[in-house]
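Since the structure comes first, as structure tokens, the remarks are kept for the end.
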Amino acid sequence: GFCRILTVNFVMNVAKSGYRVFSANSSAACTELAKKITERLGVELGKSVVFQESNSETRVDVKESVRGQTIFIIQTIPRDVNTAIMELLVMAYALKTSCAKNIIGVIPYFPYSKQCKMRKRGSIVCKLLASMLAKAGLTHIITMDLHQKEIQGFFSFPVDNLRASPFLIQYIQEEIPDYRNAIIVAKSPAAAKRAQSYAERLRLGLAVIHGEAQCSESDMADGRHSPPCVRNTTGHTGLELPLMMAKEKPPITVVGDVGGRIAIIVDDIVDDVGDFVAAAEILKERGAYKIYIMATHGLLSADAPRLIEESAIDEVVVTNTVPHEVQKLQCPKIKTVDVSMILAEAIRRIHNGESMAYLFRNITVDD
């Protein structure tokens, strides 16, 4: 009898300490990554229904017990980013109220990550989203190549910011013939650190594009120089502050020699491809004979596929953190690198309480 009780207890503990993987997406294209991850882990995808009601409200029904379990929610971000965020919040809250022990978001591309700085009269939306996710019940996040590493500090719980660079570097070494004649290019001085990290690991040269052709978003009128409201104040007139010199970017220049080389532009997000196309034109003028773009997140919004197809760019290589099958049909130059392996391994290690350091070997501070 005693042995039987022990066995029952053991089985209950195994069930208790189990983990489940759910997908919070309602669109089929987005569940692809979740399916790849669960196949690698050898687990079933959790039973849940996520859908939009006729009035466009998000509804989530979890179809199995999650009490006391560690739950991983995989959420890839399609073009309709706000629906995806709502799905994630509702799913997390549904699991929290169903007594899940830990709720871990696997959000390979973290949305709104470009809005992580105070811009004029805007707001830091990324911080707001971090607070919303915590409020909804998430206790940990696995993401990939955050736009700025400091975003981790917006969260009140642990964040594992995995890197895609080992996969992209492997692609360069295996799929680009005579890559040793390549040069890594940063399309702006801001991207130079990431480019330097790639250049050092591939033992290649580095070039940086500096200056700009057209006016950028930072120059848009934002009402900062609008006159203040007239108040009949007397007395103190305010301090005379020194006038700052207006910033003026020089015409585009390339620092570094790209003549007779393969140019590989590295970045974290390919979304509006205008600046990539412009960079490719300049590199072609300077004598680069092939132009690749390597980036982690291929958002490729609006008519990006058409622009790439018509441009001097030879290949755009992105990972599958964001679904982009439709864009690939429109533009055969887009190639995909699968990163489901590292996401699956991160899930396995977190569940088993193993160290994550193995996933960050050879990763530098600048990467």
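Scanning residues 5 or more positions from Val337 or on other chains, those with amide H under 5 Å from its amide H are Val318, Thr319, Asn320, with H placed 1.01 Å from N in the peptide plane.
The angle separating the long axis of helix 125-136 from the principal Cα axis of greatest extent in the chain is about 10 degrees. Mind pulling the angle between the C-alpha long axis of helix 340-352 and the longest principal axis of the chain? Nearest 10 degrees, somewhere in 0 to 90. Helix 340-352 and the main axis of the chain meet at about 50 degrees. Helix 274-285: angle to the longest alpha-carbon principal axis of the chain, degrees 0 to 90, nearest 10? For 274-285 against the chain, the angle is about 50 degrees. Within the accessible area of the chain, the carbon and sulfur atoms contribute 55%, probe 1.4 Å, all protein chains present. A 1.4 Å probe, protein heavy atoms only, puts the accessible area of Met132 near 80 Å². On a per residue basis, the chain carries 54 Å² of accessible surface, using protein heavy atoms and a 1.4 Å probe. Per residue, the convex hull spanned by the Cα atoms of the stretch 91-207 measures out at 124 cubic angstrom.
Which shape class applies to the chain: rounded if a/c is under 1.5, otherwise prolate when a/b exceeds b/c and oblate if not, where a ≥ b ≥ c are the square roots of the Cα gyration tensor eigenvalues? Because a/c hits 1.5 or more and a/b fails to exceed b/c, the chain counts as oblate. Applying a threshold of 31 Å to the alpha-carbon distances of Lys36/Lys333; Lys96/Lys333; Lys187/Lys333; Lys47/Lys114 flags Lys96/Lys333; Lys47/Lys114 as lying beyond it. Over the Cα atoms of the stretch 298-367, what is the Rg over Rh ratio if Rh follows Kirkwood? For the stretch 298-367, the value is 1.13. Give the accessible area for Lys284 in Å² (nearest 10); use a 1.4 Å probe, count only protein heavy atoms, and leave out ligands, DNA and RNA. We get 80 Å² for Lys284. Where both bridge residues fall in the chain, DSSP classifies roughly 20% of the beta bridges as antiparallel.
The values are calculated or read from the model by the stated rules, or taken from the named source; none is laboratory data. Predicted, not measured: the structure shown is a model, and the values here were computed from it. Note: accessible area is taken over every heavy atom of the protein model, side chains too, but ligands, DNA and RNA are not part of it. Shrake-Rupley method; radii C 1.70, N 1.55, O 1.52, S 1.80 Å.
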